[in-house]
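The values are calculated or read from the model by the stated rules, or taken from the named source; none is laboratory data. Given the structure is predicted, the values throughout are model-derived calculations rather than measurements. Glycine also receives a Cβ, built like all others from the backbone with ideal geometry; neighbour counts cover every protein chain displayed.
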Amino acid sequence: MPRFRVQDFYFLEKSPTSPHSIRNKISDLIFCSTWSKAKVDSINPDTGEYRVVLTGTLEKEDSKWDEF
């Protein structure tokens, strides 16, 4: 089972990163969450630019959270 660690949030903000790498980390994040939701914050049909906000709660593992 893939694991998303708190330290992985820093990876999501690194730039540049390939869409494939971001997709894998976001998939891990959602899979390791006890609940999650997505909100389309904005979309520009002319340019294709979009903004999606993810909200959720990760499964808590004491050793993982203590490192944050």
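Points worth noting:
- Members of segment 1-28 that are aromatic (Phe, Trp, Tyr), outside any loop (DSSP other than H, G, I, E, B) and touching a helix residue (DSSP H, G or I) at 6+ places or on another chain (Cβ under 8 Å): 11
- Residue in segment 6-21 that is touching a residue at least 60 places away in the same chain (Cβ under 8 Å) and surrounded by 11 or more Cβ atoms within 10 Å (Cβ to Cβ) present: yes
- Count of segment 29-45 residues which are assigned to a loop (DSSP other than H, G, I, E, B), of a type in the set (A, V, I, L, M, F, W, C) and modelled with pLDDT of 95 or more: 0
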